[in-house]
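A.B. asks: Let me begin by handing over the structure; questions about it come next.
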Amino acid sequence: MKKLVVALLMLGTAHAQTIPTVDHIYDPQIYTALLFPQVAPVATNNPVPEPASPAVTLNPPVISLDEPAFLQLEFDDLTANYRSFRAKLIHCNADWQKSVLNEIEYTYEYNDNPITDYAVSINTKVPYYHYRFAVPRVKLPGNYLLVIYDERNRKNIILTRRFSTYQNRITVGAGVTFSVDPARQFIDQQINLTIDYKGYQIISPQDDFKVVIRQNFRDDRTIGGLRPTNVRVFEQQLDYNVADLSNTIPGGNEFRFFDTRTVLSRGNYIDRIDRPADRNIAYVQPDLPRSRGAYIQSDDFNGQYIIDHRETGNGATGADYIETVFTLKTPKIPNVDVFVNGALNLWQLNDRNRMTFDPASGTYRAAVLLKQGVYNYDYVVETGTQPPRVDEGFIEGSYSATENVYEVFVYHRPPASRADQLVGYRRVGVNRR
């Protein structure tokens with residue numbers, strides 16, 4: 001999804017700022033920013049949420065306003081010095097542009113919250129402060145941008161993370177098959193939808209709903225702009241069985257993975273571990289391209305990762321940061337840049353995960369500082385054209401047999417409302433084992 005720029009509210013300063021409404025870390029000393037749903041605890045005198053189990057972080061930051069759940073943000077500050085941070089929410093429309101709503105229309109309390117829950121890393125070579133923040137509940141279903149900034153310098157944006165809240169006022173039906181195009185049936189996956197809006201007030205069913213489909217919780221793998229192919233007025237149902245292939249997306253491949261939960265021995269797909277005094281260095285086993293040959297079934301996290309520390313079971317403050325070295329064995333590919341890709345870098349391609357070609361060994365290499373855990377990743381190429389073109393299948397291949405998860409977001413702007421609301425949400429898997 002393209003980066004759309006919104007006007008950030010003034011955050012108490014005399015000048016407004018503009019930032020992209022995307023997941024991004026602006027401070028180079030901030031790492032491992034996780035935003036995930038937590039089940040609200042029973043009544044307690046302790047307002048501070050307990051540390052999350054590692055698997056919980058695999059879920060996307062999407063919650064129902066009708067369920068007792070909240071979103072939790074966690075991140076690390078590698079300056080190893082305490083810093084005061086604050087958080088603010090911005091309401092966005094379906095296209096992730098800032099809405100015209102006033103803060104009081106979508107928040108229950110003052111929209112400027114201090115982050116006071118923090119802890120210091122324990123027995124790590126790379127010291128850091130670990131911060132946790134429970135995102136306040138909101139009034140309206142829709143898209144939001146969570147903005148973290150420095151309390152001492154309100155113009156200094158630290159990070160931004162997207163999240164969504166929904167209320168299912170309609171019923172979404174979804175099914176995933178291989179593409180109906182014979183030339184793409186072994187490569188692409190097709191998502192067919194139905195929307196049942198019985199009992200929901202709508203003026204123009206064929207025009208009023210905005211549908212977005214997202215693959216594997218990735219904002220860079222979305223489908224939008226779909227229009228219903230059949231409007232069944234008496235049944236109050238819409239069908240989205242598109243014949244022009246606008247509802248298809250490459251199936252991709254299962255993600256590669258490695259395990260660095262311990263440095264006392266080699267985890268899965270770790271070739272070796274070096275232990276100098278100031279840091280640990282883990283070398284992931286060299287990889288080969290997978291774009292040719294048959295699809296091979298394997299389990300994965302669909303590109304996500306979990307933070308964990310085998311010795312203590314406390315990944316939040318017990319896990320160390322490791323210089324993780326990736327190696328891709330392939331001849332130099334002309335006119336492209338090669339990247340290690342995944343949620344480990346918020347699906348962004350930049351200098352942090354860019355690979356360099358080593359002529360002596362005939363390999364691409366990259367060293368990325370990552371917190372201990374289990375990671376999914378793959379390799380992508382980006383052309384030097386304008387605009388750049390990203391090709392994930394060039395090295396990894398694409399197969400309709402790949403296991404994936406799809407989310408369907410249905411937005412609508414009710415009569416007399418001034419912003420889009422998320423009135424339907426459905427998650428559906430394909431090729432589950």
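A.B. asks: Can you tell me which residue in region 381-425 is farthest from Gly293 (Cα to Cα), limited to those that are under 17 Å from the mean Cα position of the chain (by Cα) and part of a strand (DSSP E or B)?
C.D. replies: Filtering region 381-425 for residues that are under 17 Å from the mean Cα position of the chain (by Cα) and part of a strand (DSSP E or B), the one farthest from Gly293 (Cα to Cα) comes out as Tyr425.
A.B. asks: Return only the number of the condition from (1) within 22 Å of Val390 (Cα to Cα); (2) at pLDDT 95 or above; (3) in contact with a strand residue (DSSP E or B) (Cβ under 9 Å, 6 or more places away or on another chain) that Leu245 does not satisfy.
C.D. replies: (2)
A.B. asks: Can I ask one more? Considering only region 237-267, state which residues are assigned by TED's automatic domain parsing to the domain that holds Asp320, surrounded by fewer than 16 Cβ atoms within 10 Å (Cβ to Cβ) and either free of Cβ contacts under 8 Å to residues at least 40 places away in the same chain or in a strand (DSSP E or B) (or both).
C.D. replies: The answer is Ser265, and nothing else.
A.B. asks: If you check Gly315 against the conditions, is it within 20 Å of Leu34 (Cα to Cα) and not aliphatic (A, V, I, L, M)?
C.D. replies: Criteria met by Gly315.
A.B. asks: Something else: Which condition from (1) part of a strand (DSSP E or B); (2) more than 22 Å from the chain's Cα centre (by Cα); (3) in the same structural domain as Phe36 (by TED's automatic domain parsing); (4) crowded, with 16+ Cβ neighbours inside 10 Å is the one that Tyr149 breaks?
C.D. replies: Checking Tyr149 against (1) part of a strand (DSSP E or B); (2) more than 22 Å from the chain's Cα centre (by Cα); (3) in the same structural domain as Phe36 (by TED's automatic domain parsing); (4) crowded, with 16+ Cβ neighbours inside 10 Å, the one that fails is (2).
A.B. asks: Also, I was wondering about something else. If you go through region 296-313 one residue at a time, how many are of a type in the set (S, T, N, Q) and within 16 Å of Leu264 (Cα to Cα)?
C.D. replies: Number satisfying all stated conditions: 1.
A.B. asks: Output the residues belonging to region 292-351 that are more than 17 Å from Leu58 (Cβ to Cβ) and of a type in the set (Val, Ile, Thr).
C.D. replies: Residues satisfying the conditions are Ile296, Thr312, Thr317, Ile322, Thr324, Val325, Thr327, Thr330, Ile333, Val336, Val338, Val340.
A.B. asks: Residues in region 385-396: is at least one among the small types (Gly, Ala, Ser), more than 23 Å from Arg161 (Cα to Cα) and surrounded by fewer than 17 Cβ atoms within 10 Å (Cβ to Cβ)?
C.D. replies: Scanning region 385-396 turns up no residue that is among the small types (Gly, Ala, Ser), more than 23 Å from Arg161 (Cα to Cα) and surrounded by fewer than 17 Cβ atoms within 10 Å (Cβ to Cβ).
A.B. asks: Same structure, new question: Check off (1) surrounded by 21 or more Cβ atoms within 10 Å (Cβ to Cβ); (2) under 28 Å from Tyr31 (Cβ atoms); (3) in contact with an Asp or Glu (Cβ under 6 Å, 6 or more places away or on another chain) for Asn156 and give me the number that stays unchecked.
C.D. replies: Exception for Asn156: condition (1).
A.B. asks: Sticking with this one: Within region 320-377, which strands (runs of 3 or more DSSP E) (wholly inside it) include 2 or more residues that are touching a strand residue (DSSP E or B) at 6+ places or on another chain (Cβ under 8 Å) and buried (at least 17 other Cβ atoms within 10 Å of the Cβ)?
C.D. replies: Counting at least 2 such residues, we get 321-329, 336-341, 363-371.
A.B. asks: Within region 99-143, can you find the residues that are in contact with a Ser or Thr (Cβ under 7 Å, 6 or more places away or on another chain), within 25 Å of Phe209 (Cα to Cα) and assigned to a strand (DSSP E or B)?
C.D. replies: Val138, Gly142, Asn143
A.B. asks: Within region 176-190, identify whether any single residue is within 25 Å of Gln97 (Cα to Cα) and touching a Ser or Thr at 6+ places or on another chain (Cβ under 7 Å), and answer yes or no.
C.D. replies: No, the conditions are met nowhere in region 176-190.
A.B. asks: Do the conditions hold for Phe234, that is, is it aromatic (Phe, Trp, Tyr) and in a strand (DSSP E or B)?
C.D. replies: Spelling it out, it is not the case that Phe234 is aromatic (Phe, Trp, Tyr) and in a strand (DSSP E or B).
A.B. asks: Ok, one more. May I ask you to say which residue of Thr363, Thr402, Thr356, Thr385 is at pLDDT below 95 and farther than 27 Å from Asn143 by Cα?
C.D. replies: Result of the check over Thr363, Thr402, Thr356, Thr385: Thr385.
A.B. asks: Consider region 152-194. How many of its residues are of a type outside the set (Ser, Thr, Tyr) and not in a loop (DSSP other than H, G, I, E, B)?
C.D. replies: Residues flagged as of a type outside the set (Ser, Thr, Tyr) and not in a loop (DSSP other than H, G, I, E, B) within region 152-194 amount to 18.
A.B. asks: For region 199-224, which positions are touching a residue at least 40 places away in the same chain (Cβ under 8 Å), over 30 Å from Leu344 (Cβ atoms) and part of a loop (DSSP other than H, G, I, E, B)?
C.D. replies: Across region 199-224, the qualifying residues are Tyr200, Gln201, Ile202, Ile203, Phe209.
A.B. asks: Sticking with this one: Mind counting the residues in region 76-107 that are farther than 30 Å from Val410 by Cα and in contact (Cβ under 8 Å) with a residue 60 or more places away in the chain?
C.D. replies: Counting residues in region 76-107 that are farther than 30 Å from Val410 by Cα and in contact (Cβ under 8 Å) with a residue 60 or more places away in the chain gives 6.
A.B. asks: Same structure again: From the residues in region 192-211 that are surrounded by fewer than 22 Cβ atoms within 10 Å (Cβ to Cβ) and under 27 Å from Glu403 (Cβ atoms), which one is nearest to the chain's Cα centre (by Cα)?
C.D. replies: Filtering first and then ranking leaves Asn192.
The values are calculated or read from the model by the stated rules, or taken from the named source; none is laboratory data. Remember, it's a predicted structure, so these values are computed and weren't measured experimentally. Virtual Cβ from ideal backbone geometry, glycine too; neighbours counted across all protein chains shown.
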